[in-house]
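Each remark here refers to the structure printed beneath this line.
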Amino acid sequence: MTPISEAVILIAGQGSRLRGANKNSLKPFVPLLGRPLLSYILEAVICAGINTIRFVVGYESERVIAEAKQLIPPHITASFILNRDWQKQNGISLLAAAGQVRPPFLLTMGDHVFDDGIIDCLLEKFEPDLLNIAIDRKLHSIVDLDDAMKVQMRGDKVTGIGKNLPSYDAIDTGLFVCPSEIFAYLEQAKCNNSGNDCSLANGIELMAADGKVRGIDIGSAGWHDIDTPRVLQHAEHDGSWRVLRSPS
């Protein structure tokens, strides 16, 4: 198995739904159980043995970089990639990392928190030539199902993805192991949208059509997409996602 030594964390967006009326706050550092949200993502990634992290930043990038640096342990190699088009969709943020990360690499969103075993499971089972998505089949446990990224599976292959997918049997948890091809597919998705914009889901959909996307079931493990105050409040009362290990 090809080892994973690098991760990309997307923290470029404005996060207005979570920040609400507090325009001075930054989404990656909204407190969750007394700690910055980003600290949990960092802890999970580092506990999985990954020691190089690329952060894609955009909105209020200087403030985000300054605060993120305070959370990064000294033994971790970190760099910050600026997405000047941060107002666009998350596919553009990932494209900003093209040529600056060594595939296969771990990809996660900066507002998702995970049970500490989910990354381990993904890193143990991924196939290096495919896009591997950690999927959740526990549809009843999703707090904001309407806003969740739905996934249609056939065996272990992803055949469809989208928030408005009419038929689905799993949810995309926002955690991936990506091959180098992800960037070419995102460029293709961008071209399909007049060369201006694309979401990560647009690129995944194209890869899925070519049979190159694999789903890895997280089983009973917990996670949350902390996108609204409602989900934040739920996560504070739900212990299923909390990282229990200490970073090595």
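None of the figures in this text is laboratory data; all of them are computed from the coordinates on show. This structure is a prediction, so every number in the text was calculated from the model and none was measured. Cβ: placed from backbone, ideal geometry, glycine included. Neighbour counts: every protein chain shown.
Along segment 232-237 the Karplus relation, 6.51 cos²θ - 1.76 cosθ + 1.60 evaluated at θ = phi - 60°, assigns HN-Hα couplings of 4, 5, 5, 4, 5, 10 Hz to successive residues, with x for each Gly and Pro. The Cα center of segment 1-73 and the Cα center of segment 169-248 differ in position by 15 Å.
Counting neighbouring beta carbons within 10 Å and listing from fewest to most, the residues LEU94, LEU122, LEU18 come out as LEU18, LEU122, LEU94. In this structure the amide hydrogen of CYS198, modeled in the peptide plane, comes within under 5 Å of the amide hydrogens of GLN89, GLY91, ILE92, none closer than 5 places in sequence on its chain. Using a cutoff of 8 angstrom between alpha carbon atoms and counting only pairs six or more residues apart, the relative contact order for segment 31-97 works out to 34 percent. Between SER16 and GLU127, the distance separating the two model label sites (each 7 Å from Cα on the Cα→Cβ line) works out to 4.1 nm. Extension gain, LYS138 to ARG84: 0.36 nm times the residue separation minus the Cα-Cα distance gives 15.8 nm.
List the relative contact order of segment 150-241 as a percent without decimals, with contacts defined as Cα pairs under 8 Å and 6+ residues apart. List each step's numbers first, then the result.
Working: 99 pairs, mean separation 25.2, N = 92.
RCO, segment 150-241: 27 percent.
Each of ASP85, ASP115, ASP146 has some number of other Cβ atoms within 10 Å of its Cβ, and from fewest to most they run ASP146, ASP85, ASP115.
Scaled to the globular estimate 2.2 N^0.38 Å, the Cα spread of segment 6-69, given as radius of gyration, is 1.12.
How do HIS75, HIS140, HIS234 line up, fewest other C-beta atoms within 10 Å first?
On the way: HIS75 9, HIS140 6, HIS234 14.
With the sparsest Cβ surroundings first, the list reads HIS140, HIS75, HIS234.
3J(HN,Hα) couplings calculated from phi for segment 69-84 with the Karplus curve 6.51 cos²θ - 1.76 cosθ + 1.60 (θ = phi - 60°) are, in sequence order, 4, 6, 9, 8, x, x, 7, 9, 8, 10, 9, 10, 10, 8, 9, 5 Hz; Gly and Pro show x. Sequence-distant contacts, meaning Cα pairs under 8 Å at least 6 residues apart, place the relative contact order of the chain at 25 percent.
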